[in-house]
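The values are calculated or read from the model by the stated rules, or taken from the named source; none is laboratory data. Given the structure is predicted, the values throughout are model-derived calculations rather than measurements. For neighbour counting, all protein chains shown are included, and Cβ atoms are generated from backbone atoms with ideal geometry for every residue, glycine included.
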Amino acid sequence: MKISFHDYDLPEGKIRYDDPRMTLLVAKCTPKKVSPYYVEFMRDEFAKSEAVVISGKSILDLLLEDIEKCERQLENAESDSQKDFFKRCLAHLETETPLCDLPLSEAEKETLRSMSVLSLKPVIILEGEKPTTEIIERCLEKAGIVFFYTVGPKEVHAWPIGRDSDIVTCAGRIHTDLAKGFIKGDVAAFDDFMQCHNWNDCQRKGLVKVVDRDYRIRPGDIIEIRFAL
């Protein structure tokens, strides 16, 4: 995730997310390789980012461009429904609140995306200094991103995925071949896995469930994918 920040003091460049689940999994599995999650912090790069961190006193620096875009669209609107939509967006923006916090349909979001509206991205308004990990957590939460994990002696890997994604989407996140050849998924809840010696022990205790392609991932799930090439 690329996070733009404005009027706030953050380190620039790639920053490792200090994921508490990942820390526990690495300590437990002692893998040869660790693949944590990284974000990239960029100063004043709203258009290039996937999330924005900004102070409350500077929020208009982000919103003014969106206000101008919505005003132009309102002037050129060809129907009452279009006019009503952009009036609603403008009324919301004039309260100094980003559009990501306005309830919108998927079609309305797509309209705003086509306009390159900046504040439709997840916007975190901060007051005072906050730990970097807390800022990352808040950005991930607002973006609807959760993590599942693959574990073993060779590697422990944190995988970001959209909240409520199905297991096939997760498989494709690991490798496209896993999604194409998906048969079943083996899933253990994070807390259950942490109570066991290893994956095999988790299976022996009946804490690993076999799931079909419609299974929706839960934050912290440990997964293995059964597939055929």
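General observations
- Selection count, the stretch 56-111, where residues are part of a loop (DSSP other than H, G, I, E, B), hydroxyl-bearing (Ser, Thr, Tyr) and within 28 Å of His6 (Cα to Cα): 2
- Qualifying residue in the stretch 200-222 (condition: assigned to a loop (DSSP other than H, G, I, E, B), at pLDDT below 95 and either more than 26 Å from the chain's Cα centre (by Cα) or of a type in the set (Gly, Ala, Ser) (or both)): no
- Hey, Gly128 outside any helix (DSSP H, G or I) and within 29 Å of Leu60 (Cα to Cα) or not: yes
- Considering the conditions (1) more than 17 Å from the chain's Cα centre (by Cα); (2) exposed (fewer than 14 other Cβ atoms within 10 Å of the Cβ), Glu134 is excluded by exactly one of them, (1).
- Residue match in the stretch 168-181 (condition: within 23 Å of Tyr17 (Cβ to Cβ) and β-branched (Val, Ile, Thr)): yes
- Scope the stretch 22-51; condition of a type in the set (Lys, Arg) and outside any strand (DSSP E or B); matching residues: Lys28, Lys32, Lys48
- Scanning the stretch 182-198 for residues that are buried (at least 17 other Cβ atoms within 10 Å of the Cβ) and touching a residue at least 40 places away in the same chain (Cβ under 8 Å) yields Phe182, Gly185, Asp186, Phe190, Phe193.
- Of the candidates Glu71, Glu110, Glu127, the single residue that is surrounded by fewer than 18 Cβ atoms within 10 Å (Cβ to Cβ) and in contact with a strand residue (DSSP E or B) (Cβ under 9 Å, 6 or more places away or on another chain) is Glu127.
Let's see how each residue does on (1) buried (at least 16 other Cβ atoms within 10 Å of the Cβ); (2) closer than 23 Å to Asp44 by Cα; (3) touching a Lys or Arg at 6+ places or on another chain (Cβ under 9 Å):
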{"site": "Asp84", "(1), (2), (3)": "no, no, no"}
{"site": "Ala143", "(1), (2), (3)": "yes, yes, yes"}
{"site": "Tyr149", "(1), (2), (3)": "yes, no, yes"}
{"site": "Val156", "(1), (2), (3)": "yes, no, yes"}
{"site": "Gly162", "(1), (2), (3)": "no, no, no"}
{"site": "Ile167", "(1), (2), (3)": "yes, no, yes"}
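- Whenever a residue of the stretch 94-123 is touching a residue at least 24 places away in the same chain (Cβ under 8 Å), its partners that are β-branched (Val, Ile, Thr), lying with C-beta atoms within less than 7 angstrom and at least six residues away or across chains, give the pairs Glu96/Ile59; Pro98/Val123; Leu99/Val117; Cys100/Val123; Lys121/Val52; Val123/Val52; Val123/Ile54.
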